[in-house]
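Heads up: the structure comes next, in structure tokens.
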Amino acid sequence: MTRLRSTTRTLPEQIADELGVALVAGRIPAGQRLLEQELAERFAVSRGPIREALRLLERRGIVTLTPRRGAYARELTMDAIADLFNVRNAISALAAGQAAIAPVASYVDALKRRCAELDALAADPDAGAGAFADVATRAVRAIVKASGNEQAIALMAQLAEHTVWRVIWEWPLDYTTAERRRHQARALRDVLDAIEAGDAAEADARLRLALEESRDHAIHALVALRGQPVGASRLLRTAPPPDSTKRS
């Protein structure tokens, strides 16, 4: 029986997240049928929460529901996962530049709080990768909201709820070392500094670089886990080197 973690998420959401990890990690192969009764026994629940969990996974694009045939695991390639990172990174970097030009003050304040939390986690030898990733994700969300760009905000929410993005961070793929956590905490604070300085190009470049580095760590971890390659074009670096004369 699979034991679900204590959380504020609903039971179907918890089941969907647990199954999503197995699907993204390749432990459930593409094309395999997901039988409601077997899953109900595995999670020690009725079939109702299982049906809702499968519908959530269908909305995230990793399960296919077919009338009278049931649920099947969809093929999820490494290229598709990398593309998701790249789309999210592009939206986030655009938002960082806009936040530097016309910031929404309340969300800049939220970003300051997230950066303080990241600094504390980076300094804590007992802090885990999962906790750091959660706060880092919230920091990026604050940056996007600080831009005031309603389309970017809506697209980021859609990426979070209707793709595999939420599933990807259900287990550590990056920030697994103290050095990586310290590096990313500094990088996001540099983004905050650029936003407060009103330097749009620097804010864009700093965030783009930080997110591309995180993408590469996560993708390489998934490649090793799944044993599948990713196209080199999916890992191109688009961020220019940061201007060290502006910010150390």
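Throughout, read-outs are computed from the coordinates displayed, never taken from laboratory work. Computed from a predicted model, the values in this text were never measured in an experiment. Glycine gets a Cβ as well: all are built from the backbone with ideal geometry, and neighbour counts include every protein chain shown.
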Over the alpha carbons of segment 11-73, what is the largest minus smallest coordinate on each principal axis, giving the biggest first in Å? 26, 25, 19
Contour minus Cα-Cα span, Ala120 to Leu65, at 0.36 nm per residue, comes to 15.4 nm
Mind listing which GluC sites (Glu not before Pro) in segment 47-82 are in a DSSP loop and have 15 or fewer other Cβ atoms within 10 Å? Glu75
To the nearest 0.05, how large is the calculated FRET efficiency for Tyr72 and Glu52 if R₀ is 25 Å and r is the Cβ-Cβ distance? 0.90
Fewest to most Cβ atoms within 10 Å: Lys145, Lys112 sort as Lys112, Lys145
Out of residues 5 or more away from Leu34 or on other chains, whose amide H comes under 5 Å of its own, with H placed 1.01 Å from N in the peptide plane? Ala71, Tyr72, Ala73
GluC sites (Glu not before Pro) restricted to segment 156-248 and DSSP loop, no more than 14 other C-beta within 10 Å: none
Quick check on the chain: helices-only [θ] at 222 nm, where DSSP H runs of length 4 and up contribute -39,500 (n - 2.57) each and the sum goes over total residues. Nearest 500, please. -21500 deg cm²/dmol
Bin by bin, in steps of 5 Å, what percent of the Cα pairs in the chain do you find, going until the bin that has the longest distance? 1, 6, 13, 16, 17, 16, 12, 9, 5, 3, 1, 0, 0
Taking only C-alpha positions in segment 19-130, Rg and Dmax in angstrom work out to 19.9, 54
Just to verify a number: FRET efficiency for Val223 and Arg186, C-beta to C-beta distance, R0 = 35 Å, to 0.05? 0.85
Whole-Å semi-axes of segment 103-223's equivalent ellipsoid (Cα gyration tensor): 22, 18, 13
Val63 long-range amide H proximity, modeled H, under 5 Å: Glu58, Arg74
